Structures are given as C-alpha cells and as structure tokens.
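S.K.: Let me begin by handing over the structure; questions about it come next.
Just so you know, all these numbers are worked out from the coordinates, no wet-lab data involved. As the structure is a computational prediction, the values presented were derived from the model and not from experiment. Cβ: placed from backbone, ideal geometry, glycine included. Neighbour counts: every protein chain shown.
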Amino acid sequence: MAYRVLTVDKEPFSELADHGVFDVGVVGGGVIGLMAALEFAKRGLRVILFEKEQDFGLEVSSAHSGVIHVLQPPFHSKKSRLARKGNRMYDRL
C-alpha cells in the first residue's frame, strides 16, 4: 500500500496536479476520513485527503481525548464488551 502526505498551506489546488492523478478524494482528516482513506488505499486506489487544519483529528475527533475505547464499570455491560471487541479490532488496522 502506497501513501503520500502533502502539506498544503493555502496552496492553490491547481498546484496539486503536480503530485499525480488520484482515484478518490476524501474531505476531512478526522477518524472517519482517515479510516475511509485507509480502506480505499487498501483496495489499491490512489487517495488524496484534504484537511483544513495543520494536523489530523483536530476538530470533532479531538473530543475523544485521544482515547479510542475505554473500559469502565460495569465490566459485563454491552458498552464494555464492545470496547473490548473494538480494542482487539484496533490491533488489526
């Protein structure tokens, strides 16, 4: 899987043509946008991701305090079971 990271600081979009042709463009570098870009790239597509901020996950995705899944009492609850399942899935990314 190939990927490319571009830092575009108010650069006109026409200059992006110098970086090649892309199959798909993803708007937003939050959790959903990054996962969508990853899935497209895994399928062999050439992906470009547009993010207005200087780093990924600084908007809505930042509200999770950097925590993907948190276990909390009661440990037998559906939320805790799903958190454990999610933690196992995260290792396969």
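S.K.: For a quick protection proxy, order the peptides 83-92, 47-56 by their average other-Cβ count within 10 Å, most packed first. Intermediate results must be reported in sequence, preceding the final value.
M.R.: Details: 83-92: 10.6, 47-56: 15.2.
Output ranking for 83-92, 47-56: 47-56, 83-92.
S.K.: Once amide H atoms are placed 1.01 Å from N in the peptide plane, what residues at a sequence separation of 5 or more from residue 26, or on another chain, have their amide H within under 5 Å of its amide H?
M.R.: Result for residue 26 returns 48, 49, 50.
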